[in-house]
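The values are calculated or read from the model by the stated rules, or taken from the named source; none is laboratory data. For clarity, every value in this text was computed on a predicted model and none was experimentally measured. Because the Cβ atoms are built from the backbone with ideal geometry, glycine has one as well, and the counts that use them run over all protein chains shown.
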Amino acid sequence: MTTHTEDTHTTASPVDTSTTREGLVLFAGIMLIVGGVYHALSGVSAILKDTVYVATPNYTYSFDLTAWGWTHLVLGVIVIGVGVAVTRRMAWGMVAGIAVAVLSLIANFLFLPHYPLWSIVMIAIDVAIIYALATRLRNG
């Protein structure tokens with residue numbers, strides 16, 4: 001009597017791209033919320049005590065540090081709101097998330113002379129957010 005044994009060797013299943021995209025969206029939403037909190041905290045510290053940051057003379061994009069504080073605080077609140085919308089998978093949140101990440105990136109670029117290392121970290125976070133949301137929008 002002969003027995004036929006089936007090949008039990010399994011092949012790796014392809015990566016589920018929909019799960020990956022949803023994971024990227026969740027990542028982007030959480031990073032928007034975290035980045036928004038960072039903006040708000042940075043703004044509050046600049047409003048309350050603007051000597052925390054370095055005042056750079058002859059900087060092309062120089063503003064009063066208190067004005068930068070208000071800019072960061074308002075931007076932070078907006079970014080937090082959009083981040084919540086992204087984590088809740090609201091359709092408008094994806095496009096708004098890219099838009100506020102771009103605004104955050106620009107604000108941090110302009111803030112480079114005042115707090116360089118932190119601005120570079122925030123720019124990197126913004127780029128990751130834009131990538132995650134753009135990937136989701138591109139692939140539907």
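Just wondering, is there one or more residues in the range 16-35 that are part of a helix (DSSP H, G or I), modelled with pLDDT of 65 or more and of a type in the set (D, E, K, R)?
Narrowing the range 16-35 to residues part of a helix (DSSP H, G or I): 17-35.
Within this subset, residues satisfying the condition of being modelled with pLDDT of 65 or more are 18-35.
Pick out the ones that are also of a type in the set (D, E, K, R) and you get 21-22.
Scanning the range 16-35 turns up at least one residue that is part of a helix (DSSP H, G or I), modelled with pLDDT of 65 or more and of a type in the set (D, E, K, R).
Mind checking whether some residue in the range 53-70 is surrounded by fewer than 19 Cβ atoms within 10 Å (Cβ to Cβ), touching a helix residue (DSSP H, G or I) at 6+ places or on another chain (Cβ under 8 Å) and modelled with pLDDT of 90 or more? Yes, that holds for at least one residue.
Which residues, taken from the range 88-140, are assigned to a loop (DSSP other than H, G, I, E, B) and within 20 Å of Gly29 (Cβ to Cβ)? Don't jump to the end; show me each part of the working.
Going residue by residue through the range 88-140, those that are assigned to a loop (DSSP other than H, G, I, E, B) are 88-90, 111-115, 140.
Of everything in the range 88-140, those that are assigned to a loop (DSSP other than H, G, I, E, B) and within 20 Å of Gly29 (Cβ to Cβ) turn out to be Arg88, Arg89, Met90, Gly140.
Candidates in the range 108-123 are the residues that are among the aliphatic types (A, V, I, L, M) and within 13 Å of the chain's Cα centre (by Cα); of these, the one that is surrounded by the most Cβ atoms within 10 Å (Cβ to Cβ) is Met122. Among the numbered conditions (1) surrounded by fewer than 16 Cβ atoms within 10 Å (Cβ to Cβ); (2) modelled with pLDDT under 90, the only one that Val74 does not meet is (2).
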